[in-house]
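So the structure is just underneath, and the comments pick up after that.
Coordinate-derived values only; no laboratory data. In this text, all values refer to a predicted model and were calculated from it rather than measured experimentally. Positions of Cβ are backbone-derived with ideal geometry, glycine not excepted, and every protein chain shown enters the neighbour counts.
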Amino acid sequence: MKNLSSIRKNFMASVALNTCLLALAEGQRDLPNLIGKIEPILKKYKLEKENIIIRMTGCSNGCSRPYLAEIGLVVVFYGLYYNLYLI
Ligand code: SF4
């Protein structure tokens, strides 16, 4: 836990596929992979200690409250089509 980046400690995703029947796309299974792609970018720009919150949901119900995060990903269509919300 001590060595985890701030964004990894703070991320949240809805269960989405393959647990929730309302899900149109991935949530908790896919977000850690995306975090892994974002972490090197944050490190490059020395932002790895910033408390950036990213949240993802598998439908517009927003169970992980993506509309309140600095970065929110909300699926809009079956597959990997997400709206990106930035605050
Ligand atoms: S946001 Fe949608 S897909 Fe995700 S757990 Fe809630 S209802 Fe299911």
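Limited to segment 48-87, what total is found for residues that are polar (S, T, N, Q) and more than 16 Å from the ligand (Cβ to nearest atom)?
1
From Leu80, Leu22, Leu34, Leu47, which residue is in contact with a strand residue (DSSP E or B) (Cβ under 9 Å, 6 or more places away or on another chain) and of a type in the set (A, V, I, L, M)?
Leu34
Hey, can you tell me all the residues within segment 17-47 that are within 12 Å of the ligand (Cβ to nearest atom) and among the small types (Gly, Ala, Ser)?
If the condition is that a residue be within 12 Å of the ligand (Cβ to nearest atom) and among the small types (Gly, Ala, Ser), then Ala23, Ala25, Gly27 are the ones that fit.
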